[in-house]
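Remarks on the structure that follows.
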Amino acid sequence: MKRIKFIVVVIVILVVGYFGYTNYFNKTAKVTYQTSTAERGTLVVSVSASGSVTSANNSPVLTDATGVVTKLHVKEGERVKAGQRLAELELDQDSKQRYLSELASYQSAKNALASAQASSYTANTTMWSAHEKLMSDAVSRSLAAEDPTMIMQSSDWNSAELKYKTSLEAIKQAQTTLSSASLSLRQSSPVIYAPISGVVTGLTLQVGTVVSATAGTSTSGSTTTKKIASITTAAAPIMSVNLSEVDAPKVKVGDKASITVAALNKTYVGHVASIDTSGSVSSGVVTYPTYIQLDTTETDLLPNMLVSARIITQTKDGVLLVPSTSVKTTNGETYIQTLVNRVLTQAPAEIGLQSDTQSEVISGINEGASVITSVTQASTGNSSTATRSVFSLGGASRVGGR
C-alpha cells in the first residue's frame, strides 16, 4: 500500500513539474515574427552619394587694383549686364604705377595690331598685282611651264600669296596680344566692371572702403587679385558628388536624382549632367566626381552647401516585391522565409533586381504571401527582449514556439 502511495506521489510531482516547466518556458521564450506582404509595385534601384553645391552659376568679380572706393554704381541684389560699371577707385601709388604700365602695354599692343593690319593690306595688294601680271602676260601668251617668264611670274605670285597668308597669322597673334593686354588693363583699372550678366551678390564695397592686398586676396605672379563681389546667373545650380568605383559604372548621364540639402531641410529634383570618368585617388580610395544639375532654378542654394544625392539607376514596374531582409542565400541557394498556417517555412525563390530595401521575386512565392522580415524573442521572466534575423532559425518552427 505504501508503495502505491509513493508511486502516486511521484506521478503527481512529475505532472505538476512538467506543466510548471512548460508554462515557465512558454512565458519566458515567446517568439514574435515581424511580417510583410508580398505585393506588386515599382522597384526603384538607386545609389547614394554626398557632395556640395558648386559655383557653376556664379562668377567672382576680381580686381588687381588697390585704393579707396569713390563711387559705387550698384547695390546688393541688383541685376547687371556684362561690362557694366560696378565701382570706381582712387588708386594708391603702387596701383597707379601698375595701371600706367598696363596702359602702355595696351597701347603698344594696339599699335602692333594696326601695324600688322597695314602690312596685311600691303601684302594683299602685292599678291593681286603679281597675280594680275601672271595672268595678263605669261598665261595670256600661253607660255610653257618651263618658260623662264612663266617660272618667274608664277614664283612672284606664290611668294606674294605666302606673304599675305603670313600677314593674316600676324594679325591673329596681334589680336590675341591686344586681348590679353586689355584684360590686364581692366584688372588694374580704377573702374571695376561686371564680368558677366547676372545678379550682384556678396558685395563687400561701400564708398570710402579701402581695397587693399591684405584681405580676400590671391596672389598670382607679381599681382594680387581681390574678390569684391560675385555675379550669379539664372542657370540651374549644379551639385558635385563623389561616386565609389562600385557605383560609378551603374550611373549614366541623364539619370534622375533627388538631392537633399540638410541646411535648408529641402529636397530637390535634378539629373546627372556629367561624370568625370578619369576619377581621383585619395588615401588609396578611388572616387569619380559626378555633376548633378537641378531641373529648376533655386535662389536659396549657396555655393559649398553640403548635399546628399540619391541617383536612380533603374526602375521596373509591376513586379512582385518583398523586403530584402526576407531574402537569404545559403550554400548557393536563395530562399524566402514565409509564414504558412502559422508555420515558418523556407521557400526556394528566384530573385531579380534588388534595391537597398526591396527585392524583385521572379518565382517561388505568390502575391499576398506573408514573408518574415525579423524575429523578436521576448522573455517574460526577466523582462528582456532580443531581436534576431529570421535566418538564424533553422528548419521549420511554429509561431510562438508552440
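Please treat every number below as a calculation from the coordinates, not as lab data. Since this is a predicted model, take the numbers as computed values, not measurements. No Cβ is skipped: glycine too gets one built from the backbone with ideal geometry, and neighbour counts run over all protein chains shown.
Backbone amide hydrogens, once placed in the peptide plane, bring LEU353 within less than 5 Å of GLU360, excluding anything fewer than 5 places away on its chain. Fully extending the segment from LYS110 to THR315, taken as 0.36 nm per residue of separation minus the present Cα-Cα distance, adds 67.7 nm. Note on SER370 and GLN206: the extension gain reaches 52.0 nm, defined as 0.36 nm multiplied by sequence separation minus the Cα-Cα distance.
Shown here for the stretch 74-138: trypsin sites (Lys or Arg not before Pro) in loop regions (DSSP other than H, G, I, E, B) with at most 13 other Cβ atoms within 10 Å, namely LYS75, LYS81.
Using θ = phi - 60° in the Karplus curve 6.51 cos²θ - 1.76 cosθ + 1.60, the 3J(HN,Hα) couplings for the stretch 228-233 round to 10, 5, 9, 10, 9, 8 Hz; x is entered for Gly and Pro. FRET efficiency for the pair THR37 and SER363, taken as 1/(1 + (r/R0)^6) with r the Cβ-Cβ distance and R0 = 22 Å, rounds to 0.80. Here's how it looks for ASP255: its modeled amide H is under 5 Å from those of VAL272, which are all 5 or more places away or on a different chain. The phi-based Karplus calculation (6.51 cos²θ - 1.76 cosθ + 1.60; θ = phi - 60°) puts the 3J(HN,Hα) values of the stretch 117-134 at 5, 5, 5, 5, 4, 4, 5, 5, 5, 4, 4, 6, 5, 5, 5, 4, 5, 4 Hz, whole numbers, x for Gly and Pro. Quick check: from the Cα gyration tensor, does the stretch 58-232 come out rounded (a/c under 1.5), prolate or oblate? Prolate shape, in that a/c is at least 1.5 and a/b is the bigger ratio. If R0 equals 22 Å, the separation of the Cβ atoms of ILE196 and VAL68 corresponds to a calculated FRET efficiency of about 0.25. Here's the picture: a label point sits 7 Å out from the Cα of THR224 along the beta-carbon direction, and within the stretch 64-83 the residues with their amide nitrogen under 14 Å of it are 64-68. Rounded, prolate or oblate: which one fits the stretch 97-161, using the alpha carbon gyration tensor with axes a ≥ b ≥ c (rounded when a/c is under 1.5, else prolate when a/b beats b/c, else oblate)? Cα axes put the stretch 97-161 in the prolate bin. In this rough spin-label picture, where each label sits 7 Å from Cα along the Cβ direction, the THR297-LEU339 distance is 5.5 nm. What the phi angles of the stretch 329-336 give under the Karplus curve with 6.51, -1.76 and 1.60, with θ = phi - 60°, is a coupling list of 10, 9, 6, x, 10, 9, 9, 10 Hz, glycine and proline written as x. Between ASP137 and ALA82, the modelled labels are 5.1 nm apart [label points 7 Å from Cα along Cα→Cβ]. Compared with the alpha-carbon gap, the fully stretched path from GLN175 to LEU306 is longer by 42.9 nm at 0.36 nm per residue. Remark: relative contact order (the stretch 58-232) = 46 percent; criterion is Cα-Cα distance under 8 angstrom and separation of 6 or more residues.
Computed from label points 7 Å out along Cα-Cβ, the spacing between SER274 and SER182 is 2.6 nm.
For the residue pairs LYS110/LYS172; LYS75/LYS226; LYS81/LYS256; LYS96/LYS227; LYS110/LYS227; LYS81/LYS266, the C-alpha atoms sit more than 22 angstrom apart in LYS81/LYS256; LYS110/LYS227; LYS81/LYS266.
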